[in-house]
Structures are given as C-alpha cells and as structure tokens.
Amino acid sequence: GSSFDPSAIQAKWQRLWNEADPFRAGGAEDTRPRKYVLGMFPYPSGDLHMGHAENYAYVDVVARFWRHRGYNVLNPIGWDSFGLPAENAAIKGGAGSDPREWTYRNIDQHKKSFREFGSSYDWSRVLHTSDPEYYRWNQWLFQRLYERDLAYRKESPVNWCPNDQTVLANEQVVDGHCERCGAEVVKKKLTQWYFKITDYADRLLDDLNQLEGFWPSKVIRMQRNWIGRSVGADIDFEIEGRADKISVFSTRPDTLHGATFMVVAPDSDLAAELAAGSTPEVQAAFQAYLESVGKSTEIERQATDRPKTGVFLDRFAVNPVNGERLPIWAADYVLADYGHGAVMAVPAHDQRDLDFARAFGLPVKVVVDTTAPVTGAIPVIELDADGVPIDPFADDPSLDELDPAVTGIALTDDGRLINSGSLNGLSKRHAIARAIEELSAQGTGRAAKSYRLRDWLISRQRFWGTPIPMIHTADGRTVPVPDDQLPLILPAAQGLDLAPQGTSPLGGATEWMQTTDPETGEPALRDADTMDTFVDSSWYFLRFLAPNDTSEPFPTAQAARWAPVDSYIGGVEHAILHLLYARFITKVLFDMGLIDFTEPFSSLINQGMVLLDGSKMSKSKGNLVEFASSMLDPGADAVRTAIAFAGPVEDDINWEDVSTTGAQKFLARAWRVATDVSSAPEVVWAEGDPALRRVTHRLWADAPGLVEQTKFNVVIARLMELVNATRKAIDSGAGAADPAVREAAEATAMILDLFAPHMAEEMWEILGYEPFVGLVPWRQADPMLLVEESVTAVVQVDGKVRGTLTVSARISSDELEALARADEKVVRSLAGRQIARAVVRAPKVVSFTTA
Ligand code: ANZ
C-alpha cells in the first residue's frame, strides 16, 4: 500500500524479528571478527523512562553498526534485579508481599518495552541477578575472595542510614546523606564483611593509563581522585610516657624541621589512649570535644575555610631530627581513617596547620625559602636604559614580608630549604628524597603512600540480595559454605518482617538460619546479611557469555573469545562505584588465571541525561516521561531517531526540545523515496547522476568515523541531507528511474537501520530485497567520488605515545591498526615484545598493550 503507517510497520518487523531471531551472536564456528557491545543493564524499577530510551537507543546504534561492518556482535540484555526498591515495594504492599513478584512483573514489562523499541538483542542470553543460578556465582566469587584473603570481617564504625536501616559504602554517602533516600547518615559500630579492594589500589590507578583516549577523561579523573594516591613518607615519633612510637604520614617529609606540634584525630583510638593517660581536666575536655565532633562529616572537617577547633592533650612527641618537644593536640581537621590518623603539623607550609597554630597561639617556623629560585639555570640579566644590570629578584618580596605567622598565608610553593640541617639549600624535590634517605638510615621513617580508597563494605542488613555464604559455628569460627552446597538460596519472604529494623530480616527465618558446621557437624548459624548489589554488577558482563552454564560462572574459552567488552554504554552516575568494582573484580579474576585481560571495558560511552524543565527526570519530581507510553504515538523509530538527533551523545537532552514529530516527518520522507523507486529496473550505478552519487558516497565514507566518534546526531543530519538531495533528484532530472536515486535510497535504508530499524527493514523490502537489512554489509565508498582529507593519528604503546601517522580522516579501524603495527617507531619501541591487545579508535588513536 502507499499510505505511511509506522505502527503497522513496527508490528510487522517485531513479529519477523521474534520469529527469525536474527541478532543472535554467532558461535565458535563464526569466523568473523567479534565485538562485544553492552549497555549498562537496567534495574527493574516500575517505570523505564526516557533516560533508558536514550541509553538503549545508543547501544543499538553501536551494535547494529558493527554488524553492518562485518562483525559478529554480542549485544545481550539482563536485569540488575536485587536491591532496595523491590524490598520497599514489598513492605508497602503489606504482609505477605514478596519482592520477587514486584521484580519479575517489572522485568516482564521491560522485556515487552525493549521488544517494542526494536532493540537488536541476543534474546537467548537474558539473565537476572536475582535468579539463584546467577547469584550462586556471587557466592562462588565470595568464596574465592575469601580464600585469597580478599574478603574479611571486622568491626568498625560504618555509615548507617537511619531511614533505610542499613549500612552504606562510603561511595553511597553523598555530602553526608544517603544516596538513595537523602536521610542524614550516622556512624555506627558493626561487624561487617569487606572486600579488600585497597590491595589493588595501585593497579586500579596505574591501569587507567591504558584507558586514556577510550574512556571519557572526566571518568578517568573521577576514578583517580577516588583512589586518591599520595606519595610521601611515614615518620615515627617517640611519645613521652608511651612505650611505642607513633607514625604519621606526610607528603612533605622535607619540612620535618618546621614541625612545631602534632595533631591526632579526636575519634581515633590513639587520641582516646593519649587522653586517658593525661590529667582528669584534659580527659573531661577531650570527652566534651569528641562529642561535639561526632556530627560533622568528613568533608566539613576538611574544609579549609572552617574555624579550627581542638583540645591540647598535655602530652608531647619528640621530633626525630632535632629532639624538640612537640605538644600533641586533638583536632577534627585530622581524619581518623586517613594515613595514621595523626599529622606532624608544619604551620609555616601547610594552610590548615597554620590556621590551627594561629587560632591556638602555637609557634610557626619557616623552613623553605620560597623566594629563592629553584632552577639551577643562571638567570638572564637584563640591562636598564643606563646599561646597569637589573636585579632579576628586585620585585620579589623578602622572606620577612611573607612571614606566615603575620600574613596568615602558608608558604606552599617550592623554594630552598633553610633551618633544616643537612637539607639546607636543597629544593623541595631533592629535600624530600634526602629526608627519606636519612630517616630510613636512622630507622625513624620510610617512603610511603597513602590512599583515599577504603575497603569495600559489602554486608547489607536487607532481605532482597545474595545471601552471604558463611557459617558461624558454635565455638566462634567462621567457615565458608562448601561450594557443592551452593547456591545458598534465599528463604521465602512469606512470614518474614522485611521492614527496616537494623538487623537483617533473614535473621527471622529461624529454620533457614539453622545449619551445621561443615567440619564438625555441630549445629551452627548462617550469616544473616546479604551482599551489596554492586557485587552482582561487578562481573555480569562475563555471565552473559554463557548465562545458563551450571558448572562454572563463565567458560574461560568464551571469555577469551568475547571479553573484554569493546563498547560499554551507560550513564555517568556509574562513573565511580560500579566501574571501580568491576575493574577490581576483573583484576582478581585475572590473578586467578580465569581471564587474560585486566580491564573489563575497553571503551566507555557516557550519555548525558534526559531533562524536563531543565531538571533530571524522576518519579519523585513527578516529571517522568515513560518509555512505554512515549512510543505509542510517534512510534519507536521516531523516538529513537529524535533522541539520537537531539545533540551529542554526552550532552544532556531537554525532552521538550526533542521533536518526535520532526523525526516522524523525516522517516515518512525517507519511506516515500523508497516507494518511488521501488519499480525501477536493474541499474548500473555508474550511469546515475554524479552529484547525487557524491552525496551518497560521502555518507558511506563518513558515517563509520562519525559513528565510532559517537556523533550520531551528525549522521542523522547527513541522512536528512541525503533524503532531501534524493527528493530533489526525483522531482527533477531523470526522476525515480535514475540509478543514483535507487543507490541513495538503498544507502538511506541501510544507514537508517542504526536509528529507525523498523522503517529501514520496510524500505529494504520495498526496494526489492529479502530481510534483514540489519545484517547487510556496509558498502564501500567509491574513492573517485570522494574528496580526501587527512588527520593525524596517535599510536600508544603501554600508555605512552610512540608514533604519529598521517591518515585519511575516513580510515577504517582495521586499516589504521595495520598501519600502526607497521610503523617503524612503533616497531622499535616494541623491541620484539608481543602486542597482547590493540584498541583502535579511528581515525585518531591506536593503543597497543604488550603482554
Ligand atoms: C606535614 C606537611 C607539611 C604536610 C606540609 C603537608 C604540607 P594528601 O595530599 O591529601 O595525601 N595528613 C596526613 N594524614 C592526615 C589525616 N589523617 N587527616 C588530615 N590530614 C592528614 O595530604 C597529605 C598531608 O595531609 C600530609 O602531609 C599531612 O600533612 C596531612 F608543608 O605532613 B603533611
């Protein structure tokens, strides 16, 4: 028929896709190169909204693109289906409600929506993390971490959300408030399970270098800051009246001669002990201070603009380099869980120490002359009009004028050490090295690093999660549930009180809690806590490789074939937590010899947010546009095209500016071009209108680079240009019978498949072809019809730039990689080492990693 009916077209192609299942990834016999494309899997909240539509539209662009480019593409979907909202919904539902029902009902709705959206998933690989067959492998992972001393239990002050009645990881506390519900977070002492991610801090930091150019630089920066490595020294101080020395961490051991007092964190065990050994007056003052400190957050405590508070403990430390007595204070600008919870205060050169010294009248001693030049170079002497040399330092203030005790400004710049014995005359860098050497020689200090990163607290006092597979025996041992007893399945929710009560609801499942000591057979108790859901999402990308495998979490051979993920696509809200945990678990699995790579996601695309009235869409704000209903009228193709056209992928989109009507008009124009040429006979391309052919071929040539650079909006703009040019050619000249018109219509169908797959399939059929256009190989542009441009590509080896190449702006990734491998400088820098991995982003970057 000749009337444009998008909803009929959609229904037809969804049916055909469901029947033929054309987007299944090829198996071992498939010899095409592979791409693993993955969208961050959804949480089954009740309502998929336009943020999801955006995310999964982009995922599908990338997956379809690589299929057209001749790749065997794996593009799976699953659900991150444990977690609080399901549990809260069940609590609201009243007695007998089960989080399972809410969860799986929503998942069914989501599946329907994704089918209606036309996403090209491999539907044979669906997983849900709340299925025992999935979480069994979380438990398996826990056991492996436990065996490697990477899972341990300790009592410590934890972040506690009084509203959700559960602990939160540091990462889940935002400005002192619960990330989820916004309640003010308090500290509470609990015995909890931790994963020892801090053992991997250096690798998590250093391996970010390989991702440079492939992950958004903002995300790399956030990861670096989160790990927060500082390099310096640990210095030991004797304490009068205490047998053991105490250590402090300092990034400026060069300033040790300028230390005039010491500060300990009031909430540290050390402060309590020092106060306890002091006078009753001090003890009382300390207690009062400690209570006043309790409420402030870490960020407030560290703020430089905050008035300094503290108490003198009437105890003294001894400076190891000059024997000076340093009074010890407790003050909240020092944090208990960073470094050693104590600092040597150098007020002349540290602003917070200076503020404190000025507030409490403590001495300030300058040990770095910041007015002295630090370079070894001889300054260029200029002459004035009379030929008299101009003193290059004439404008520099003298050190006296800069006295921090007077100005209140600490001298933090580089300079020359003074008043510092053997360090005098050295610049900061050399003085730090010398100081560390001397301290090491005397045994009073050593080089050290400090990290902001803390171990990953994984225990949660909630029902709807993976049960922690540990057993507490009657005689006080903690032993793992044997592997052959996994999965340890959650008890039924019926009869349990899920409402927050500060302890895990599983504790109320009396029968379930009872077990036996696997070693002695004596009665024992299970651990009542469940795992943080970030455990589930830390390795799910591997489970997609064989989601129904009942003998192992993932087959090693499949991992070697498909992983790591080539293109990972999702929201920037996961820039820290999820990515850090997935990177950590990947490194652990590498160390176990199960995988041959150390980073899970070779490239990362973060899409912007979908806003309404300039603010984030959310249910609580009542400004949610729902995914399912948004597709009803204009149809999925128009929604997807409009989103991709709305702007660059990484920018926020204002939903009010997204024109689905405009997109639908464009799709109708494209469709009409196809119907106009449908009756055209066999054609000889070369006989077509060269002007239109140039437009078509330029798009064939440019679209791959544009897609690889995620400039989807530009591809759509270019498609619009092509459709307009085609229409013009039809209405003038040779009309729809011109071979160039048919060529343009075919190009439109194939490239449109990235954005509007139903319409593309329909056009392809109208043009006389068999389904499916989604599987048709990309056409090569005719070089005679192109005007060349060139760009500079950078080649990295192990994170360092080793060469540059001048290449066509339209070069393919394969061609670029081949050129890079052949480049003389690159070959030389490899010095015979094998390339273990190549990551290519044409036309700009090639990154090789050696084994
Ligand atoms: C003496 C010194 C002199 C310092 C100087 C700095 C400048 P980052 O870069 O954040 O790692 N520090 C150590 N432990 C601390 C704690 N638990 N709470 C608050 N501050 C702490 O900072 C390291 C510096 O922060 C350390 O170096 C220490 O002060 C302080 F001119 O030691 B410094």
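Scan region 177-200 residue by residue and report those that are hydroxyl-bearing (Ser, Thr, Tyr) and either without any contact (Cβ under 8 Å) to a residue 24 or more places away in the chain or in a strand (DSSP E or B) (or both).
Thr191, Tyr194
In region 638-661, what count of residues is obtained for those that are aromatic (Phe, Trp, Tyr) and either buried (at least 24 other Cβ atoms within 10 Å of the Cβ) or touching a strand residue (DSSP E or B) at 6+ places or on another chain (Cβ under 8 Å) (or both)?
1
Identify, please: which residue in region 189-214 is open to solvent by less than 10 Å² (accessible area, probe 1.4 Å) and at pLDDT 95 or above and is, among those, nearest to the ligand (Cβ to nearest atom)?
If we take residues in region 189-214 being open to solvent by less than 10 Å² (accessible area, probe 1.4 Å) and at pLDDT 95 or above, then Ala201 is nearest to the ligand (Cβ to nearest atom).
Those residues that are open to solvent by 10 Å² or more (accessible area, probe 1.4 Å) and closer than 16 Å to Tyr568 by Cβ, I need them from region 29-51; list them, please.
Arg34, Lys35, Met40, Phe41
If you go through region 602-640, how many residues are over 22 Å from Asp657 (Cβ atoms) and in contact with a Pro (Cβ under 6 Å, 6 or more places away or on another chain)?
Number satisfying all stated conditions: 1.
Go through region 245-256 and give me each residue that's more than 10 Å from the ligand (Cβ to nearest atom) and open to solvent by less than 30 Å² (accessible area, probe 1.4 Å).
The one that is more than 10 Å from the ligand (Cβ to nearest atom) and open to solvent by less than 30 Å² (accessible area, probe 1.4 Å): Ile246.
Would you pick out the residues in region 786-801 that are at pLDDT 85 or above and either assigned to a loop (DSSP other than H, G, I, E, B) or open to solvent by 100 Å² or more (accessible area, probe 1.4 Å) (or both)?
If the condition is that a residue be at pLDDT 85 or above and either assigned to a loop (DSSP other than H, G, I, E, B) or open to solvent by 100 Å² or more (accessible area, probe 1.4 Å) (or both), then Asp798, Gly799, Lys800 are the ones that fit.
For every residue, the table says whether it meets (1) within 25 Å of Leu604 (Cα to Cα); (2) out of contact with any strand residue (DSSP E or B) (no Cβ under 8 Å at 6 or more places or on another chain); (3) touching a residue at least 60 places away in the same chain (Cβ under 8 Å).
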position	(1), (2), (3)
Gly78	yes, no, yes
Asn88	no, yes, no
Lys92	no, yes, no
Trp102	no, yes, no
Gln109	no, yes, yes
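Being open to solvent by 10 Å² or more (accessible area, probe 1.4 Å) and in contact (Cβ under 8 Å) with a residue 60 or more places away in the chain: is that true of Ala781 here?
So Ala781 passes the test.
Criterion first (within 22 Å of Gly421 (Cα to Cα) and at pLDDT below 95) does Thr297 satisfy it?
No: the conditions fail for Thr297.
When region 595-623 is examined, which residues are found to be surrounded by fewer than 17 Cβ atoms within 10 Å (Cβ to Cβ) and not in a strand (DSSP E or B)?
Passing the criteria: Asp596, Asp613, Gly614, Ser618, Lys619, Ser620, Lys621, Gly622, Asn623.
Can you give me the number of residues within region 822-832 that are under 15 Å from Lys800 (Cα atoms) and open to solvent by 60 Å² or more (accessible area, probe 1.4 Å)?
Residues in region 822-832 being under 15 Å from Lys800 (Cα atoms) and open to solvent by 60 Å² or more (accessible area, probe 1.4 Å): 4 in total.
Being over 25 Å from the mean Cα position of the chain (by Cα) and of a type in the set (Lys, Arg) is the filter; apply it to region 95-135 and report the residue that is nearest to Arg15 (Cα to Cα).
Arg115
Counting just the residues of region 468-480 that are assigned to a strand (DSSP E or B) and farther than 15 Å from Ala151 by Cα, which one comes out nearest to the ligand (Cβ to nearest atom)?
His472
Does Glu552 satisfy the condition of being in a loop (DSSP other than H, G, I, E, B) and either out of contact with any Phe, Trp or Tyr (no Cβ under 6 Å at 6 or more places or on another chain) or open to solvent by less than 10 Å² (accessible area, probe 1.4 Å) (or both)?
Considered against the rule, which asks whether it is in a loop (DSSP other than H, G, I, E, B) and either out of contact with any Phe, Trp or Tyr (no Cβ under 6 Å at 6 or more places or on another chain) or open to solvent by less than 10 Å² (accessible area, probe 1.4 Å) (or both), Glu552 comes out as yes.
Kindly provide the set of residues from region 758-785 that are touching a His at 6+ places or on another chain (Cβ under 6 Å) and in a loop (DSSP other than H, G, I, E, B), ordered by number.
Correct list: Trp778, Ala781, Asp782.
In region 411-452, what residues are within 36 Å of the chain's Cα centre (by Cα) and not in a strand (DSSP E or B)?
Thr412, Asp413, Asp414, Lys428, Arg429, Ile432, Ala433, Ile436, Arg452, listed by residue number.
Would you confirm whether any residue within region 237-244 is at pLDDT 95 or above and within 16 Å of the ligand (Cβ to nearest atom)?
yes
From Thr503, Thr520, which residue is touching a strand residue (DSSP E or B) at 6+ places or on another chain (Cβ under 8 Å), open to solvent by 40 Å² or more (accessible area, probe 1.4 Å), more than 16 Å from the ligand (Cβ to nearest atom) and farther than 17 Å from Phe142 by Cβ?
Thr520
Could you check Thr412 against (1) in contact with a helix residue (DSSP H, G or I) (Cβ under 6 Å, 6 or more places away or on another chain); (2) within 15 Å of the ligand (Cβ to nearest atom); (3) of a type in the set (Val, Ile, Thr) and say which number it fails?
(1)
Do we have any residue at all in region 558-573 that's within 13 Å of the chain's Cα centre (by Cα), open to solvent by 10 Å² or more (accessible area, probe 1.4 Å) and on the phi < 0 side of the Ramachandran plot?
Yes, region 558-573 has at least one match.
Within region 626-637, can you find the residues that are surrounded by fewer than 18 Cβ atoms within 10 Å (Cβ to Cβ) and aliphatic (A, V, I, L, M)?
Selection gives Ala628, Leu632.
Kindly indicate which of Thr304, Thr309 is among the polar types (S, T, N, Q) and surrounded by 15 or more Cβ atoms within 10 Å (Cβ to Cβ).
Going through Thr304, Thr309 in turn, the sole match is Thr309.
So in region 312-346, with the set limited to residues that are more than 18 Å from Ala259 (Cα to Cα) and either open to solvent by less than 60 Å² (accessible area, probe 1.4 Å) or in contact with a Ser or Thr (Cβ under 8 Å, 6 or more places away or on another chain) (or both), which one is farthest from the ligand (Cβ to nearest atom)?
Asp332
State all residues of region 260-275 that are in contact with a helix residue (DSSP H, G or I) (Cβ under 9 Å, 6 or more places away or on another chain) and within 14 Å of the ligand (Cβ to nearest atom); if no residue qualifies, say none.
Thr260, Phe261, Val263, Val264, Ala265, Pro266, Asp267, Ala271
Conditions first: (1) outside any loop (DSSP other than H, G, I, E, B); (2) free of Cβ contacts under 8 Å to residues at least 24 places away in the same chain; (3) within 26 Å of Glu599 (Cα to Cα). Arg833 passes all but one, so which condition is the exception?
In the conditions (1) outside any loop (DSSP other than H, G, I, E, B); (2) free of Cβ contacts under 8 Å to residues at least 24 places away in the same chain; (3) within 26 Å of Glu599 (Cα to Cα), Arg833 misses (1) alone.
Condition (residue is in a loop (DSSP other than H, G, I, E, B) and touching a Phe, Trp or Tyr at 6+ places or on another chain (Cβ under 9 Å)) applied to region 147-155: is it met by at least one residue?
Checking region 147-155: at least one residue is in a loop (DSSP other than H, G, I, E, B) and touching a Phe, Trp or Tyr at 6+ places or on another chain (Cβ under 9 Å).
Under 7 Å between Cβ atoms, which residue pairs at least 6 apart in sequence (or on different chains) link something in region 138-161 that is touching a residue at least 12 places away in the same chain (Cβ under 8 Å) with a partner that is assigned to a helix (DSSP H, G or I) and open to solvent by less than 50 Å² (accessible area, probe 1.4 Å)?
These pairs meet every condition: Asn138/Val535; Asn138/Asp536; Leu145/Val588; Leu150/Val588; Ala151/Phe142; Ala151/Leu145.
The values are calculated or read from the model by the stated rules, or taken from the named source; none is laboratory data. These numbers were taken from a predicted model, which means no experiment stands behind them. Here the Cβ is made from the backbone with ideal geometry for all residues, glycine too, and neighbour counts use every protein chain on show. Just the protein is used for accessible areas: all its heavy atoms, side chains included, with ligands, DNA and RNA removed. Shrake-Rupley method; radii C 1.70, N 1.55, O 1.52, S 1.80 Å.
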